[in-house]
Amino acid sequence: MDMDGVLVHEEHLVPGADRFLQELQDTGTPFIVLTNNSIRTRRDLQARLRRTGLEIPEESIWTSALATATFLHNQRPGGTAYVVGESGLTTALHDIGYIITDIDPDYVVLGETRTYSFEAITTAIRLVERGARFIATNPDATGPSRDGSLPATGSVAALITRATGREPYYVGKPNALMMRSALRAIGAHSENTLMIGDRMDTDVVSGLEAGLQTILVLTGISTRASVEMYPFRPTRVIESVADLVGHTETPFG
């Protein structure tokens, strides 16, 4: 399941999300919480969720930073990268044995940050021009804040692309690669797994492309009206995860 818009909304618990997760834990149903945001480590996110009243094990959290690190480890073990991002991304790369450097790196890896530096972006552009492979954790163009939209990874990636003519490879949602890495993390198979999300353009489409059934909740971005704008549909649309309490074993029945 997605995190923001599904379990929490603007740092507040979505009503009923705690009862929903408790039922999953009581029935021994494996689950994993996904986020395209690469800023925080799993431990940081666990603490953030705990403050809202949700107790989720670290191993049940999966971020675009972890998916990116897994992808790079499979592609080029023990490589090097220049990183524009926060501790969630640098920690994930360090944990797979990557060296972070601005001297002839194998990759330029772009992630979420609240302090995009002109100097860092300029360095990224020059390294990509010199042949570094360009990776981005996710394509989200904007992120939410209490004051309005914030530029996110996709917007900064577009800037680097415009300067270099090189498109990044996006690892996070809607890339089904992130979904498959999450499935492997909990030992699940697409045939008996479902994806719960609040966005048609990332959560639902990535679930569909990974072969999962999908549930759209209306506690985040997408609405019943916006569902009709897309050429694909979720398996089911519900108001919130609270509607699944008492039905987690038969969510479509």
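With the biggest extent put first, the Cα atoms of the range 109-210 measure 46, 37, 20 Å across the principal axes. Bridges between two residues of the range 78-231, per DSSP, are antiparallel at a rate of about 10%. How would the range 1-53 be classified by its alpha-carbon gyration tensor: rounded, prolate or oblate, with rounded meaning a/c under 1.5 and the a/b versus b/c comparison settling the rest? The shape class here is prolate. Among 187, 16, 143, determine the one that fluctuates most according to a GNM of the chain built with springs between C-alpha atoms less than 10 Å apart. Of 187, 16, 143, the Gaussian network model singles out 187 as fluctuating most. Only Lys, Arg, Asp and Glu carry charge here, each on its Cβ (+1 for the first two, -1 for the last two); on that basis the range 68-151 has a dipole of about 120 debye about its Cα centre.
Accessible area of residue 249 (1.4 Å probe, protein heavy atoms only, ligands and nucleic acids ignored): about 140 Å². Estimated from helical segments only, the mean residue ellipticity of the chain at 222 nm is -9500 deg cm²/dmol, where each DSSP H run of four or more residues counts as -39500 (n - 2.57).
The stretch between residue 126 and residue 25, if pulled fully straight at 0.36 nm per residue, gains 31.5 nm over its current Cα-Cα span.
Could you sort 229, 179 by accessible area so the largest value comes first, with the probe set to 1.4 Å?
Highest to lowest solvent-accessible surface, that is 229, 179.
Using a cut-off of under 14 Å, list every residue of the range 213-253 whose amide N is near the label point 7 Å from the Cα of residue 191 along the Cα-to-beta-carbon line. Only 213 fall inside the zone, counting backbone N under 14 Å. For residue 71, the accessible surface of its heavy atoms amounts to roughly 40 Å² (probe 1.4 Å, protein chains only, rounded to the nearest 10).
Kindly identify the range 74-124 as rounded, prolate or oblate by the Cα gyration tensor criterion: order the square roots of the eigenvalues as a ≥ b ≥ c, call it rounded if a/c is under 1.5, otherwise compare a/b with b/c, prolate if a/b is larger, else oblate.
oblate
Ranking 160, 96 from most to least accessible surface, computed with a 1.4 Å probe over the protein chains only, gives 96, 160. Shown for the range 37-117: the carbon plus sulfur share of the solvent-accessible area, taken with all protein chains present and a 1.4 angstrom probe, equals 45%. With the charge dipole of the chain set up from +1 on Lys and Arg Cβ and -1 on Asp and Glu Cβ about the Cα centre, the Cα lying farthest toward the positive end among the listed residues 34, 110, 63 is that of 110. Only alpha carbons enter this Debye calculation for the range 38-142, each as an equal point scatterer, and the log10 of I(q)/I(0) it gives at q = 0.09 Å⁻¹ is -0.24. Accessible surface computed residue by residue for the chain, with neighbouring protein chains in place and a 1.4 Å probe, gives 47 Å² per residue.
The values are calculated or read from the model by the stated rules, or taken from the named source; none is laboratory data. Not measured: the values here are computed from a predicted model. So basically every Cβ, Gly included, is an ideal-geometry build from the backbone, and we count neighbours across all protein chains shown. Calculation scope for accessible area: heavy atoms of the full protein, side chains included, ligands and nucleic acids excluded. Shrake-Rupley method; radii C 1.70, N 1.55, O 1.52, S 1.80 Å.
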